[in-house]
Amino acid sequence: MELYSGHINKLIEELAALPGIGNKSAQRLAFHLINMPQDKVNRLANTIVEAKANVRYCKECYTLTDKDICPVCANKNRNHKMIMVVENTRDLTAYEKTGRYEGVYHVLHGAISPMLGIGPGDIKLKELVERLQGDVEEVIIATNSSLEGETTAMYISKMIKPTGIKVTRIASGVPVGGDLEYIDEVTLLRALEGRVEL
Ligand code: ZN
């Protein structure tokens, strides 16, 4: 049933396909966009297209960045022998906001999930192994405390153990299933400082 115009229906459909946007929100956003001035709509559309075209993976840590090497990896004052493994760029940002972590990162872009059919080959694990050929003293596993995050942590720990590199896991106390980005900075720092060797 065509309640609105075909164009509005299509817009609602596209918006509703985004994570966290239900049908009602999609409708609200669609009508908001239609009522926005033309130049603002153009700016938004261009921003999306340009971001998609220009954002890439950092060649070292695989976070999303505008440059070949992200600002963290490019910073000589950071401790490049300490690598914190996170699931995504949002988690990296959460730790950066604390301003207290001095090492570098490795972004997996996901976690192992047998249920969803996501295996070790589907996230940036091979790339992590390659980085470990260099001078690395400690790998801090900071994946989420969800089932997937724990599975991934266990996998990485088993993978790194034979190399003799120190492997630690951030302390629990981070709520189970909680996305790292929603956790406050104090909790994040406590989790980092209380990390335990695996
Ligand atoms: Zn980087």
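Bear in mind these aren't lab numbers, they're just calculated from the coordinates by the rules spelled out. Owing to the predicted nature of the structure, the values given are computational and were not obtained by experimental measurement. Glycine also receives a Cβ, built like all others from the backbone with ideal geometry; neighbour counts cover every protein chain displayed.
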Q: Output ³J(HN,Hα) for region 120-134: one whole-Hz value per residue in order, computed from phi by the Karplus curve 6.51 cos²θ - 1.76 cosθ + 1.60 with θ = phi - 60°, and x for Gly and Pro.
A: x, x, 8, 10, 7, 8, 4, 5, 5, 4, 4, 5, 6, 5, x
Q.
Below 8 Å, C-alpha to C-alpha, sequence gap of six or more: please give me the relative contact order for the chain in percent.
A. 15 percent
Q) Charges only on Cβ, +1 for Lys and Arg, -1 for Asp and Glu: so what's the dipole of the chain about the Cα centre, in debye to the nearest 20? A) 180 debye
Q: List the residues whose amide H sits under 5 Å from the amide H of I118, counting only those 5 or more places along or on another chain, with H placed 1.01 Å from N in the peptide plane.
A: S113
Q.
Skipping prolines and chain starts, which residues have an amide H placed within reach, meaning under 5 Å, of the one on K166, given they are 5 or more residues away or on another chain?
A. V139
Q) Listing E87, E50, E148, E185 from the residue with the fewest other Cβ atoms within 10 Å to the one with the most, what is the order? A) E50, E185, E148, E87
Q: Among N75, G119, V104, flag the residue with its Cα farthest along the positive direction of the charge dipole of the chain, charges on Cβ as +1 for Lys/Arg and -1 for Asp/Glu.
A: N75
Q. Cross-link partners among lysines for K10, C-alpha distance below 25 Å, same-chain residues fewer than 8 apart left out?
A. K24, K40, K52
Q | Value of [θ]222 nm, deg cm²/dmol, for the chain, DSSP H segments ≥ 4, -39500 (n - 2.57) each, nearest 500 | A | -13000 deg cm²/dmol
Q. Once amide H atoms are placed 1.01 Å from N in the peptide plane, what residues at a sequence separation of 5 or more from V85, or on another chain, have their amide H within under 5 Å of its amide H?
A. H106, I140, I141, A142
Q. Of K59/K126; K59/K81; K81/K166; K126/K161; K97/K158; K97/K166, which sit over 19 Å apart, Cα to Cα?
A. K97/K158; K97/K166
Q) For region 56-61, in order, what is each residue's ³J(HN,Hα) by Karplus, 6.51 cos²θ - 1.76 cosθ + 1.60 with θ = phi - 60°, in whole Hz (x at glycine and Pro)? A) 9, 7, 4, 5, 9, 9
Q. Pick from V136, V186, V72: which is most flexible by mean-square fluctuation in a GNM of the chain where alpha carbon atoms under 10 Å apart are linked?
A. V186
Q.
Over the chain, what portion of Cα pair distances is larger than 23 Å, expressed as a whole percent?
A. 53 percent
**Q.** Most positive-pole-ward Cα, L33, I48, T63, against dipole of region 28-70 from beta carbon charges
**A.** L33
**Q.** Loop-resident sites, region 2-49, for GluC sites (Glu not before Pro), counting at most 16 other Cβ within 10 Å (DSSP)
**A.** E2
Q: Report the trypsin sites (Lys or Arg not before Pro) located in region 1-102 that are in a DSSP loop and have at most 16 other Cβ atoms inside 10 Å of their Cβ, or state none.
A: K59, K67, K76, R78, R100
